[in-house]
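Asker: The structure under discussion is supplied below as structure tokens; questions concerning it will follow.
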Amino acid sequence: MTSDWMKDLAKLSMASNREGKYITSKMVKSICYQNGRTLQVLNLSFCSGLDLESIQDITKNCVGLKNVDLSSTGLSKESINFLVHNLTHEVEKLNLGRLLNLKDKHVISLSKRCNRMISLDLSRTLITDISLSSVILNLNSSLEQIDIEETKISVDKLLVLRSIPTLIVLNHSFEDLEGGQFSGFIRKNIEIAT
């Protein structure tokens, strides 16, 4: 049960710095019912125990979310599928890094639905060039930061990111791309983090 001081929260982080923090669907339901209308930032990274019911409560009740971090939560395929089809259109920053059940079809749906995102973390997932094509197509006028470190995205597709005029930060795991291939990024003052 949450306390009265937790009502009307705008930001909530229950993140853990390592895997193993357990959160129940009852906890999520309580938080969502009390703070759903006011909550803008929700960080549950590295929390385990998030199930389909939890994701349903978050998407149904937290309609004003702008920043969501669900990285390293071990979400099931069903939970991810529900999330990408029901997450509020208002989300601007989303971290789905380290979700092994995240697939290209999820990123395609998500990038179409939440097409005003400015920051997207898909690092350490199994996504491919198909996902990046959808991101480039649907987030071309908003995306400022993307993390695709340790994914199955090819170097050739990575270079197509130069077509996004708003992109400022690109995190990737290609070590030999600091030279001429990224000259377009450098002109745009893009920070390239490896």
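The values are calculated or read from the model by the stated rules, or taken from the named source; none is laboratory data. These numbers come from a predicted model, not from an experiment. FYI the Cβ positions are ideal-geometry reconstructions off the backbone, even for glycines, and counts take in every protein chain you see. The protein model used for the area step is the full one, side chains on, heavy atoms only, and it has no ligands, DNA or RNA in it. Shrake-Rupley method; radii C 1.70, N 1.55, O 1.52, S 1.80 Å.
Asker: Using θ = phi - 60° and the Karplus relation 6.51 cos²θ - 1.76 cosθ + 1.60, list the HN-Hα couplings for the stretch 118-135 in order, rounded to whole Hz, with x at every Gly or Pro.
Answerer: With the stated coefficients, the stretch 118-135 comes to 9, 9, 9, 10, 10, 5, 6, 10, 9, 5, 10, 4, 4, 5, 5, 4, 5, 4 Hz.
Asker: Distance cut-off 30 Å, Cα to Cα: go down the list Lys26/Lys77; Lys21/Lys157; Lys60/Lys105; Lys21/Lys112; Lys66/Lys103 and report the pairs above it.
Answerer: Pairs exceeding 30 Å: Lys21/Lys157; Lys21/Lys112.
Asker: If you don't mind, there's one more thing I want to ask. Can you give me the long-range amide H partners of Leu94? Hydrogens built in the peptide plane at 1.01 Å from N, cutoff under 5 Å, separation of 5 or more residues or another chain.
Answerer: Val68, Ser119, Leu120, Asp121
Asker: Let me ask something additional. Just the number, please: carbon plus sulfur as a percent of the accessible area of the stretch 8-121, 1.4 Å probe, no ligands or DNA/RNA counted.
Answerer: Of the solvent-accessible surface of the stretch 8-121, carbon and sulfur hold 48 percent.
Asker: If I model a spin label at Asp51 and Tyr22 as a point 7 Å from the Cα along the Cα→Cβ vector, what separation in nanometres do I get?
Answerer: Modelled inter-label distance: 1.2 nm.
Asker: Rolling a 1.4 angstrom probe over the protein heavy atoms, how many square angstrom per residue are accessible across the stretch 78-126?
Answerer: With the other protein chains kept in place, the stretch 78-126 gives 42 Å² per residue.
Asker: Here is a further query. With Cβ to Cβ distances under 14 Å as the rule, what net charge do the other residues near Leu65 carry (K, R +1; D, E -1)?
Answerer: Every neighbour counted, the sum reads +3.
Asker: Sum up the charges of everything whose Cβ sits under 12 Å from the Cβ of Thr125, counting Lys and Arg as +1 and Asp and Glu as -1, but leave Thr125 out.
Answerer: -1
Asker: Sticking with this one: Note down the magnitude of the dipole of the stretch 10-114 about its Cα centre, charges +1 on Lys and Arg C-beta and -1 on Asp and Glu C-beta and zero elsewhere, to the nearest 20 debye.
Answerer: Using only the charged Cβ atoms, the result is roughly 100 debye.
Asker: For Ser141 paired with Ala15, estimate the spin-label separation in nm (one decimal), with each label point 7 Å from Cα along the Cα-to-Cβ line.
Answerer: 3.0
Asker: Placing +1 at every Lys and Arg Cβ and -1 at every Asp and Glu Cβ, with all other atoms neutral, what dipole size does the stretch 71-113 have around its Cα centre, in debye to the nearest 20?
Answerer: Computed about the Cα centre, the dipole is about 140 debye.
Asker: Add +1 for every Lys or Arg and -1 for every Asp or Glu among the other residues with Cβ under 10 Å from the Cβ of Leu44, and state the total.
Answerer: Cβ neighbours under 10 Å give a net charge of 0.
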